[in-house]
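Working notes, structure below.
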Amino acid sequence: MRHWLETYRAFLRIAVLEQLQYRASGAIWMIGSVLEPVVFLVVWSTVARSQGGAVAGFTAQTFAAYYIVLMMVNHLTFTWVMHDFQFRVQMGQLSFALLRPVHPIHEDVAANVAYKLVMLTVMMPALVVLWYAFEPEFALAAWSTATFVPALLLAFLLRFLAEWTLALATFWMTRVTAMNQIYFSLQMFLAGRVAPIALLPAWLGDLAHGLPFYYMVGFPVELLLGKISADAALDGLMAQLVWVAVMAALIALVWRRAVARFSAVGS
Amino acid sequence: MTNAVEPVVVLEGLTKSYVVPVREAGLKAALGSLIRRRTRTVEAVKGVSFAIAPGEVVGFLGPNGAGKTTTLKMLSGLLHPTSGAARVLGFEPWLRQREYLSRMTLVMGQRNQLMWDIPVIDSFDRNRVIYRLSREEYRARLDDLTGLLDLGELLNKPVRNLSLGERMKCEIAAALLHRPQILFLDEPTLGLDVTMQRRLRTFIADYNRHTGATVLLTSHYMADVEALCPRVIVIHHGEILFDGALSKLIGEFAAYKTLIVDSDGGRDLSSYGEVVSRDGGRTTLRISKADTARVTAQILTDVSVRDLSVIDPPIDEVIDRVFSEVNP
């Protein structure tokens, strides 16, 4: 345990150092992360106003709250491993990673957390600006705020494990960009980033609740905003736990096969 | 090389074949391959066997595509063999057990493991935790390596600001911080200038002497091999052609010797052998090994010689000859 703490501490320190080298590109990424929810926020508040003040229970102010929280949750849960893996395999970096006596996923977790921490310096001011510009309306309850924390952690874990597993597709296909695009489109839509799931047609909403994407972003956002009942919140947390377990099992299985394939084919 | 000590590296009939898709040029062939994929099996390493004793430094030679890197990748644990067996330090390498990975290293001259944008010392620190070194061990080894490789100035620079030679020194140091007992070095001097090559060679020899580590290295620079490896293993088309002392390789495969004759007036010596070059009074002749003694005596009687020397051909030429003899 002590060893792992020290490993993560060292990995985090190095990852922060590395992130600080990429201040500019990191900040540009952040502009994208801020712009996306702002665009949808503007669209949906306009729709709400033109519909006489509300759409499916969302007013311009609750839309503002939804998208501001979503911006933070999306920032804290997103990963870039799917973009990275093809490059790693092609450049032979994976060979080195395989020859170290530590699983490569740990360094990815550390790098992800480091980036999130460094970029909070950009996200916090953005949050303040959006707050003043869009005047969000919150109905926070003590129990939902408290449950939000584990829900957010599980969302991070779920998204990280799912995307790390998908990234392993690069062991079987040399060009994974097209497949990644399908995932990103589905995730964008079914996680509640384009519109809150409540605004989707009923059948699509059911589908979203049956797939993992909603539990990566939409669920913790709705939980914090008090959009879901205590029963639904409990169901949501259970669903998150189940999906995390499924992804962890999948990752173990796929990783073993990916490495076996890599060592059969070479690079 | 026979040795009473238990070998640290043992290969028995190690074989690796790859399945590669076959596709002819042209649209028709491309469309055809959509329906029926044709593949072909390429045998990169064919039943290779050898053993290396602890502390040996062995040169692993062969032309491009001979199977050197594939063999090193199997021994380090990156590749799974198609058949055959290998044990390194008592481990089956491709199981990649933590105990094994902590005791070996693979350096590939054209690839780097150091992190590009941060100072070298931080990449080293990353290895400290990865290999679970105590701070004292780490400090001591870092000091050792810094001294031996003269890294002092480089440690606080980001890797991207280093020259190729400086980077290679740091790569090697990073690969040795955990003090591996076995080193697989694939072209460690590739692209380095002569001074830096010599520097690295001296370092590898010192490291071997100090730690008793076993080294298997490939290189295209014969100077590396001559300076470091009493024993060489030559591989070609995936098969071992020669395994033994470097001197024996030269004796066995060098079919000629070179005679350098300094004579007054620079007489034409073409009747004695093939003239390779002539520069004033100095003539360089190539003479078949069997004739060397006779021709040398003849020249000394016939010509007024100021100086004469008989030398073995450069090792590159010998190696080249080994390959061309087997596969004309």
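The values are calculated or read from the model by the stated rules, or taken from the named source; none is laboratory data. On a predicted model such as this, the values are computed, not experimentally measured, just so you know. No Cβ is skipped: glycine too gets one built from the backbone with ideal geometry, and neighbour counts run over all protein chains shown. Side chains included, ligands, DNA and RNA excluded: accessible areas come from the protein's heavy atoms. Shrake-Rupley method; radii C 1.70, N 1.55, O 1.52, S 1.80 Å.
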Please find, within segment B:255-283, the residue that is nearest to B:VAL225 (Cα to Cα) out of those that are open to solvent by 20 Å² or more (accessible area, probe 1.4 Å) and β-branched (Val, Ile, Thr). B:THR258
Residues B:ARG132, B:ARG111: which one is modelled with pLDDT under 95, within 8 Å of another protein chain (Cβ to nearest Cβ), surrounded by fewer than 18 Cβ atoms within 10 Å (Cβ to Cβ) and more than 26 Å from the chain's Cα centre (by Cα)? B:ARG132
Condition first: loosely packed, with under 13 Cβ neighbours inside 10 Å, over 30 Å from B:HIS237 (Cα atoms) and of a type outside the set (Ser, Thr, Tyr). Now tell me which residues in segment B:291-328 satisfy that. B:ALA293, B:ARG294, B:ALA297, B:LEU300, B:ARG306, B:ASP307, B:ILE311
How many of the residues in segment A:1-25 are over 28 Å from B:SER134 (Cβ atoms), within 8 Å of chain B (Cβ to nearest Cβ) and part of a helix (DSSP H, G or I)? 1
Given the structure, is A:PHE160 under 30 Å from B:GLY77 (Cα atoms), touching a residue at least 24 places away in the same chain (Cβ under 8 Å), crowded, with 19+ Cβ neighbours inside 10 Å and within 14 Å of another protein chain (Cβ to nearest Cβ)? no
Cβ-Cβ below 7 Å, separation at least six or inter-chain, first residue in segment A:27-43 and more than 15 Å from A:MET124 (Cα to Cα), second assigned to a helix (DSSP H, G or I) and open to solvent by 30 Å² or more (accessible area, probe 1.4 Å): which pairs? A:LEU41/A:PHE134
Do we find a residue being under 21 Å from A:SER95 (Cβ atoms) and either part of a helix (DSSP H, G or I) or of a type in the set (D, E, K, R) (or both) anywhere in segment B:134-141? no
Scan segment B:199-212 for residues that are of a type in the set (D, E, K, R) and modelled with pLDDT of 90 or more and jot them down. B:ARG201, B:ASP206, B:ARG209
Could we say that B:THR189 is among the polar types (S, T, N, Q) and either modelled with pLDDT of 95 or more or under 23 Å from B:MET74 (Cα atoms) (or both) here? yes
Residues that are of a type in the set (A, V, I, L, M) and within 17 Å of the chain's Cα centre (by Cα): find the strands (runs of 3 or more DSSP E) completely inside segment B:1-74 holding 2 or more of those. B:38-52, B:57-61
Within segment B:66-74, does at least one residue satisfy the condition of being more than 13 Å from chain A (Cβ to nearest Cβ) and modelled with pLDDT under 95? yes
Just a yes or no: is a residue in segment B:179-186 over 24 Å from the mean Cα position of the chain (by Cα), among the aliphatic types (A, V, I, L, M) and not in a helix (DSSP H, G or I)? no
Scanning segment B:75-93 for residues that are surrounded by fewer than 21 Cβ atoms within 10 Å (Cβ to Cβ), facing chain A (nearest Cβ under 10 Å) and either farther than 19 Å from B:ILE235 by Cβ or not polar (S, T, N, Q) (or both) gives B:HIS80
In the list A:LEU253, A:LEU190, A:LEU241, which residue meets the criterion of being without any contact (Cβ under 8 Å) to a residue 24 or more places away in the chain and not polar (S, T, N, Q)? A:LEU253
For segment B:288-306, pairs from a residue that is modelled with pLDDT under 85 to a residue that is assigned to a loop (DSSP other than H, G, I, E, B) and small (Gly, Ala, Ser), with Cβ under 9 Å and 6 or more apart or across chains, are B:LYS289/B:ALA254; B:LYS289/B:ALA255; B:ALA290/B:ALA255
For segment A:247-267, enumerate the residues that are loosely packed, with under 15 Cβ neighbours inside 10 Å and away from chain B (no Cβ under 14 Å). A:ALA248, A:ALA249, A:ALA252, A:LEU253
Is it the case that segment A:196-203 has a residue that's outside any helix (DSSP H, G or I), in contact with an Asp or Glu (Cβ under 7 Å, 6 or more places away or on another chain) and open to solvent by 20 Å² or more (accessible area, probe 1.4 Å)? no
Out of the residues in segment B:205-254 that are open to solvent by less than 40 Å² (accessible area, probe 1.4 Å) and among the aromatic types (Phe, Trp, Tyr), which is farthest from B:MET108 (Cα to Cα)? B:PHE253
So which of A:TRP203, A:TRP243 ends up being touching a helix residue (DSSP H, G or I) at 6+ places or on another chain (Cβ under 8 Å) and not β-branched (Val, Ile, Thr)? A:TRP243
Exactly one condition in (1) out of contact with any strand residue (DSSP E or B) (no Cβ under 7 Å at 6 or more places or on another chain); (2) open to solvent by 30 Å² or more (accessible area, probe 1.4 Å); (3) within 11 Å of chain A (Cβ to nearest Cβ) is false for B:GLN97; which is it? (1)
Have a look at A:MET123, A:MET82 and point out the one that is open to solvent by less than 30 Å² (accessible area, probe 1.4 Å), closer than 30 Å to A:SER45 by Cα, touching a residue at least 24 places away in the same chain (Cβ under 8 Å) and away from chain B (no Cβ under 14 Å). A:MET123
Which of the helices (runs of 4 or more DSSP H) found entirely inside segment A:80-137 contain at least 1 residues meeting this: of a type in the set (Val, Ile, Thr)? A:81-90, A:104-134
Scan segment A:53-73 and tell me whether some residue there is crowded, with 18+ Cβ neighbours inside 10 Å, within 13 Å of chain B (Cβ to nearest Cβ) and either in contact with a Phe, Trp or Tyr (Cβ under 6 Å, 6 or more places away or on another chain) or at pLDDT below 85 (or both). no
